[in-house]
1. If we scan the range 85-102, do we find a residue that is open to solvent by 100 Å² or more (accessible area, probe 1.4 Å) and out of contact with any helix residue (DSSP H, G or I) (no Cβ under 8 Å at 6 or more places or on another chain)?
2. Name the one entry in G114, G98, G108, G61 that is at positive phi and not aromatic (F, W, Y).
3. Residues T228, T164, T206, T235: which one is more than 27 Å from I126 (Cβ to Cβ) and not acidic (D, E)?
4. Tell me yes or no: at least one residue of the range 108-120 is modelled with pLDDT of 85 or more, open to solvent by 40 Å² or more (accessible area, probe 1.4 Å), over 25 Å from the mean Cα position of the chain (by Cα) and of a type outside the set (D, E, K, R).
5. Of the residues that make up the range 20-39, is at least one surrounded by 13 or more Cβ atoms within 10 Å (Cβ to Cβ) and not in a helix (DSSP H, G or I)?
6. Any idea which of L233, L253, L229, L261 is crowded, with 17+ Cβ neighbours inside 10 Å, modelled with pLDDT under 80 and among the aliphatic types (A, V, I, L, M)?
7. Looking for whichever is loosely packed, with under 15 Cβ neighbours inside 10 Å and farther than 21 Å from K109 by Cβ here; the options are P123, P169. Which one fits?
8. Quick check on N221: is it open to solvent by 30 Å² or more (accessible area, probe 1.4 Å) and out of contact with any strand residue (DSSP E or B) (no Cβ under 7 Å at 6 or more places or on another chain)?
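The values are calculated or read from the model by the stated rules, or taken from the named source; none is laboratory data. A quick note: this is a predicted structure, and the numbers were derived from the prediction, not measured. Heads up, the Cβs are rebuilt from the backbone with ideal geometry, glycines too, and the neighbour counts pull from every protein chain shown. These accessible areas exclude ligands, DNA and RNA; they are computed on the full protein's heavy atoms, side chains included. Shrake-Rupley method; radii C 1.70, N 1.55, O 1.52, S 1.80 Å.
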Amino acid sequence: MKKRSLEASQKRMTVFTYAALIIGALIMIFPFVWMILTSLKTVPESMQVPPTILPQEVVTGNFGDAMKSLPFLKLYLNTGLMIFFRVICAVAFSSMAGYAFAMLNFRGKKLLFGIVLVQMSLPSQIFIIPQYQMVAKMGLSNTIFALVFPGIVSAFGVFFLRQTYMGIPKEVGEAAYLDGCNQWQTFTKVMFPLTGTSVAALTVFTAVFAYSDLMWPLVVNSDLNMMTLSSGLATLRGQFTTNFPVLMAGSLLAMLPMVILYLIFQRQFIEGIATTGGK
């Protein structure tokens, strides 16, 4: 009797868990579905009160209007270059710094790592003014370098890869040292290749953070041809009225690269979330 009661309780718990997950998934996916449906509506219908879910008349011309309003090829190129260089810088500098903090002993190590943690805890918005002043004094506004500048060094990447290196036994590095490797050879030929999964996860995280960055590209690049997808879409929002179907169509076009990137690297993305700070 107790066994049947326990099985019935487990079944109820399973049903409740799946129901909660389904409801949560529907809540999270609803804005995406609403964006797709709005991109197919007319302007009056998109502003109708009470709102209608399904479009009464499917309008596909909103995508053409969005492509005419913005230089999407330029925006794709700028965003791609920004993501590429930010990923390269994050992987290169974060790997070296993470290895140093995890494996080496040097004066001021705890203080410097504390500064990294402090930078992670502070909102990125407080760095915008000094970063802009630095870029402006160098005369590099409205350039790709200006977009990449805040991501040259990643505090999150340093912390993330430090945790990864701390999970590697120190005996591995000691064995390489006994085989005749110096510190640089130990890092490049032995330790760094062991962090492939974490580096892939950092690549995905850096790409997502760079893609979603809105405020910095709007501040540093005022030329539409030098904007990114996020900042370019912000220009579609009018001061008094907004063509929401065209804006939603442009948002769909802008999100395609990230959807493709996630579908390719979803395993690394999930592993990165699961292992951050876990070792």
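1. Step one: of the range 85-102, the residues open to solvent by 100 Å² or more (accessible area, probe 1.4 Å) are none.
Within the range 85-102, not a single residue is open to solvent by 100 Å² or more (accessible area, probe 1.4 Å) and out of contact with any helix residue (DSSP H, G or I) (no Cβ under 8 Å at 6 or more places or on another chain).
2. On inspection, the qualifying residue turns out to be G108.
3. Answer to the check: T164.
4. yes
5. Yes, some residue in the range 20-39 is surrounded by 13 or more Cβ atoms within 10 Å (Cβ to Cβ) and not in a helix (DSSP H, G or I).
6. L261
7. Exactly one of P123, P169 is loosely packed, with under 15 Cβ neighbours inside 10 Å and farther than 21 Å from K109 by Cβ, namely P123.
8. Details: open to solvent by 30 Å² or more (accessible area, probe 1.4 Å): no; out of contact with any strand residue (DSSP E or B) (no Cβ under 7 Å at 6 or more places or on another chain): yes.
No, not satisfied.
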